[in-house]
Each structure stands twice: as C-alpha cells, then as structure tokens.
Amino acid sequence: MRTTTTLVTILLAPLLVSGCTGGGTKNTEGKKLKYANGGTYTTAISADAGNLDPLLTSDQTSNALGAFAYDSLINIDKRGNPVRQLATKWQISPSAVTFTLDKHVTCADGSKLTASQVAANFDFVKNPANQSTVIGSGLPDTNFTVRADEAAGTVTITLAKPYGFLLTGAGLTRIVCAKGTANRKLLVRGTDGTGPFRLVEFVPSDHYTFVARKDYRWGPGGAGTNVPGFPDKVVFKVVQSETTANSLFLNGQLNDVGVVTADRKRLQGRGFYEVREPGAMIELFFNERSGHPGADLTLRKALAMGVDPRQLSAVITENNGKRPTDLEPNQPKPCTIATVPGNVPGHDPAAAKAALEAAGWHAGAGGVRAKGGTKLAVRLLYPGGTPSVDAGLELLAKWWKSLGAQVTLRSKDANGVQGELFGTGESWDVTALGIGVSNPSELVAFFAGPTPPRGQNFAAIDNPDYNGLNVQASGTPGKAGCDLWAKAEKALLRRVDVLPISISTVFEFGNKARFTIGVAGLEPTSLRLLAG
C-alpha cells in the first residue's frame, strides 16, 4: 500500500501511482519458486525524479526512489497497522510520541545511526527557513520540540497541541544520515540513508542504479537483504510511454511493469505474476492566480459543469476507472466519509452556458466568449504521449470549446508538467493530475499556504472555510477529527478548488520476479528474482 504523502502523481504513470494491494495477487505458475542468486532487478519510472532529498521532495518519483535508500521510524503493513523499522517500539499520546531505536542500524557509509542524528532530521523539518515538505503532510506545523536521549536510544517529538495522525506523520518521515544532514547538496542527486540500497549512478532521462547493502537487517518488521532471490542491484529505467514499457517487459528487459490502459491485455493470460491495486486519482485543478480564468468561481463552476466525469474517465483509463468518493485514494485510510457526492457541480452544459451569459461572458467571433474585452482563454496543461490520455484531454477541450472557451492544449512530458506546476505558475490555467494520500491532513500543503517555490500549493488555492476547518481538524483525533476533515474537504469541492474525475486500477505484472507494493511504491525488501 502506498500510504504516505505520495505527492503529485502525473496522469496514468502506473509505477508512480498511489494505492494499496487490496485487489489481490495472482500467481499462475502453480509450482514452488526457485530463486536466483543475486542479479539485477529492472523496473521503470515515467520521469526523472526531482530533488531526492526526502525532507524536501515534492514529487512521487522521488518518493518511490527514496524508499530504496532511506528508512522511516515505522512502516505500515497491508492491514494498515504500524510495524517496526528504525524504531523497535513507540509510545504515543495525543501530542507526543517517543520512538526507541534499533541499536544495530547503520548508515550506508557504515556509521552508526544515533538518536541525535534522528533528532537532527526533525530539527531540520521544524526550521521554517528550510521549507520542508514534511510540514503540512506528515506534521501539521513547525510548532514542536524534539529531544534525543542517547543513553536510552530514544527520540521524543512533542507537539504544542494534539494531532490525530502523529504516529504516522512522524513515524513515516524518512531519516537522513550525518553527511547528508551536514551537506544537503549531496542529496539532490545522491543518497545518504540507512536503507537497503544506495544510489551509485544517475543518468538524466535514462536510469538510476541502486546497489544492495548486504548488512541490512532492519526493514519493515525486521526484514533484511540476506534472503534467497534478493537482487544485488535495482535499476530504474526512465520510460515515458506505457506501451514502450510493456514492450520492454515482454522482451525481458523489465522485471515488472504497471499497466492502467487496455494495453494490459497484451500481458494477461501469459503466466506472469500479477498484482492489482487502486491506482492514480485523476483530478482537474484550476490555476487560481489573479489573471487566470480559475481565479473566478463562476468560471470554475461553469467549466466543471461542462465536464462529464464518467465519459472522461472511460476515455482516459479505457474503461478502467471509477468515480472517487473522497480525495484520499490510498488504502487503508483513517477517514472514510464520502465527500464527493452532492458537493461537485453536475454535468449540465446548458446551465454552464447560462451561468456564463449571466456573468457577462458573451459569445463573439467564432463563438469565443469575452468579457470586458478579455477572451475566455484556457491553457490546458497535461502529460502527453499516452493515446488514451491524449484522447481524453482532446475530448475535454472539445467540451469547453462548445461552452465558448478558446482552449489551447499544452502537452508536455512528465518532467515538463512538474516543472511548470512548481515553477512560477503563469504558463497554465488548468491541469490534470492526482495527489495520492491516505490521510486528509496530507492534502493541506497542496490546498493551502504558500505557492511554489516557497510551498506546494501549485494552484494558488485560498479557501477561507478550508483554511479554518483544517486547523480545527488537525488538533481533533478520532471520529470527531474525521468529521471536521470531511467538512474541510467539502468546502474545497463546493468551490471547485479541485474536481475529482476517476480512480483507475493498476495491473502490476512480474517477469521472473516477485514483489509487493509498499508505502511509496515497490517495497524494496520484498523484491525477489527467480531462476530460469
């Protein structure tokens, strides 16, 4: 299950999606497995990672790769229960948590991980000048203290007020070792952690190579690298096209591949290992900066009424999607209140046209609407290259053109989309992507607060109701907290700050390999290569 803050996931990038292995596993071999003696496990990612620093990363690819080099204090099992990792035990209260560290943990350079070094990570996080992405995702704010006790081997984090998701928020924070803490420039394209692998090679737009640590014994639940079939290396190849990735898989050049589109039929029924899991959320975001159409609530609602989510989902996912009930696609999740039904505009093009007319947006030459001499122009940014995605966004553009909008489709690769979203924000008006989380608190950084480059609020959303409710919800544990989070989420949906479209199913296939899906993607300690 991919249950941590998995950040922005680009449309239909199946190996970067967020979800849980709730759909089950299919092993068609029907015989006892024979493991290989070492070897290289090769998988694919759809784009280069951004900053690999786990306390500053803002993209899912970096999170997926980071899991191979960095550990967290706890992990999460397939039932959603916390299990040991760097910490062997913990004590939790509404506003404080104490972790007792495994005394045998070492960093990739052989140095011992100390309580003080773990505490240094949280000192970095709590410094506002560092603008750590852990704030607003894992921890609610910087108003906390951290204390290390070397003799006891413990680290205690104490918040100024209760927080309902403190154990996972602090416990799933990736821990950096001493060299990386002292010089964070090393972490942009390198690693310095306690994880089962270390990054040894990076070739932009081509591949990342990780080498296994033979001494690693402190994975989730005590997992180690000293097991039959564990790979000596893991290579992440950058493959932007799902069809290309499938071909590489069929040719034996990839050990696993994730498929969302109907291209999965090329792989089914051929004896491959198969795992099904909930995939990426497809959502529309409107740029709400001044001067953009999305800054006008009337325009957001009209454009939303021009969208038929069921048809759009069917085209993009090739009939492999369903309508989301809330904004947290990952399983398991602590809050299960349905927030989408009844809180988003329904598909009604006639009402959309009437609303635009009433707001002073009148049709002119070529049917394009204008108001006060300004045309209703929409630049629709999306990651192209997948035929179904291209077709879906072309359909969306057609719908909005029929309302009187002048729509410009801007197709870029995944890296280009990420760069524009987290750049100045002036080059796009609407984008299609998803945010993969399990806890509603993990969404706050994307729906409130500073815009890039100071923060992650890439759509420049400023919803007063949400801003107040998320603060209340953050300090309220249990069902009462979930009720408040649901109210906060409904506030976003009613103002069309986000328009959820679909959640797909990802079909993950293995070729001479076995794996499970973990917090951020492939669970590193689960990888196995088969003989033959």
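The values are calculated or read from the model by the stated rules, or taken from the named source; none is laboratory data. As the structure is a prediction and not an experimental result, all values here were calculated from the model. Cβ atoms come from the backbone with ideal geometry, glycine included; neighbour counts cover every protein chain shown. When the accessible area is computed, the model is the full protein with side chains, heavy atoms only, and any ligands, DNA or RNA have been set aside. Shrake-Rupley method; radii C 1.70, N 1.55, O 1.52, S 1.80 Å.
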* If only Cα atoms are counted, what is the Rg of region 472-524, and what is its Dmax, in Å? -> 17.9, 50
* To do: Over the chain, give the accessible area per residue in Å² for a 1.4 Å probe, as an integer.
  => 37
* On a 0 to 90 degree scale, rounded to 10, what angle separates helix 60-69 from the longest Cα axis of the chain? -> 0
* At 1.4 Å probe size, with no ligands or nucleic acids counted, give the accessible surface of CYS177 in Å², nearest ten. => 0
* **Accessible area, probe 1.4 Å, largest first, for residues ARG379, ARG270** => ARG270, ARG379
* How big is D for region 64-128, in µm² s⁻¹ as a whole number, if Stokes-Einstein is applied with the Kirkwood radius of its Cα pairs at 4 °C and 1.567 mPa s? -> 97
* Along the three principal axes, how long is region 242-314 when you take its alpha carbons, biggest first, rounded to the nearest angstrom? -> 52, 23, 18
* **Amide H within-cut-off set for PHE165, under 5 Å, with H built and near neighbours excluded** => none
* Structure fact -> One quarter of the C-alpha convex hull surface, i.e. the mean projected area of region 57-171 in nm², amounts to 7.5
* **HN-Hα J in Hz across region 243-250 - Karplus 6.51, -1.76, 1.60, θ = phi - 60°, x for Gly and Pro** => 4, 5, 4, 4, 5, 4, 5, 5
* Calculated SAXS-style log₁₀ I(q)/I(0) at q = 0.12, 0.18 Å⁻¹ - region 253-407, Debye, Cα scatterers -> -0.64, -1.16
* **Relative pair counts by distance (%), Cα atoms of region 271-357, 5 Å bins** => 3, 11, 17, 19, 19, 14, 8, 4, 2, 1, 1, 0
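Obtain the radius of gyration and the Kirkwood radius of region 397-436 from its C-alpha atoms and give Rg over Rh.
Numbers: Rg = 11.9 Å, Rh = 11.6 Å.
Reported Rg/Rh (Cα atoms, Kirkwood Rh): 1.02.
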* Asked: So what's region 170-245 giving for Rg/Rh, alpha carbon basis, Kirkwood Rh from the mean inverse pair distance?
  -> 1.02
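Viscosity 0.692 mPa s, temperature 37 °C: Stokes-Einstein D of region 350-480 from its Kirkwood Cα radius, in µm² per second? Could you put the intermediate results ahead of the total?
On the way: Rh = 17.2 Å.
My calculation gives 191 µm²/s for D.
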* Residues in region 399-441, backbone N under 15 Å from the label point at VAL203 (7 Å along the Cα-to-beta-carbon vector): list them, ranges by number please. => none
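Based only on Cα atoms, what Rg/Rh ratio does region 123-190 have, Rh being taken as Kirkwood's radius?
Numbers: Rg = 12.9 Å, Rh = 13.2 Å.
Rg divided by Rh gives 0.97.
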* Structure fact -> So the carbon and sulfur contribution to the accessible area of region 133-212, 1.4 Å probe, in percent, is 54
* Could you work out how far helix 387-403 tilts from the main Cα principal axis of the chain, as a 0 to 90 degree angle to the nearest 10? => 30
* Provide the net charge surrounding ARG147, with neighbours chosen by a C-beta distance below 14 Å and charges set as Lys +1, Arg +1, Asp -1, Glu -1. => -2
* From the backbone phi of region 342-359, what are the Karplus-calculated ³J(HN,Hα) couplings (6.51 cos²θ - 1.76 cosθ + 1.60, θ = phi - 60°) in whole Hz, Gly and Pro given as x? -> x, 10, 10, x, x, 6, 7, x, 5, 5, 5, 5, 5, 5, 5, 4, 4, 8
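Kindly provide the helix-only [θ] at 222 nm of the chain, computed as the sum of -39,500 (n - 2.57) over DSSP H runs of four or more divided by all residues, to the nearest 500 deg cm²/dmol? All intermediate terms of the calculation are to be shown ahead of the outcome.
Details: 13 runs with 127 residues, N = 532.
The helix contribution divided over the chain gives -7000 deg cm²/dmol.
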* Asked: On the first, second and third principal axes, largest extent first, how far apart are the outermost C-alpha atoms of region 194-306 in Å?
  -> 60, 39, 32
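Using only the Cα atoms, what convex hull volume per residue in Å³ does region 426-496 have? Walk me through the numbers on the way to the answer.
Numbers: hull volume 6.7 nm³, N = 71.
About 94 Å³ per residue, rounded to a whole number.
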* Any idea what the dipole of region 339-426 comes to, in debye rounded to 20, about its Cα centre with Lys/Arg Cβ at +1 and Asp/Glu Cβ at -1? -> 300
* Asked: Leaving out ligands, DNA and RNA but keeping every protein chain, what accessible area does TYR35 have, in Å² rounded to the nearest 10, with a 1.4 Å probe?
  -> 100
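From the gyration tensor of the Cα coordinates in the chain, what semi-axes in whole Å does the equivalent ellipsoid have, largest first, with each one equal to sqrt(5λ)?
Numbers: eigenvalues 292, 161, 75 Å².
In descending order the semi-axes read 38, 28, 19 Å.
Please report the net charge: other residues with Cβ closer than 10 Å to the Cβ of GLY219, K and R +1, D and E -1.
On the way: positive: ARG84, ARG217; negative: ASP71, GLU523.
Computed value for this residue: 0.
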* On the full set of protein chains, 1.4 Å probe, figure out the accessible area of GLU508 and give it in Å² to the nearest 10. => 0
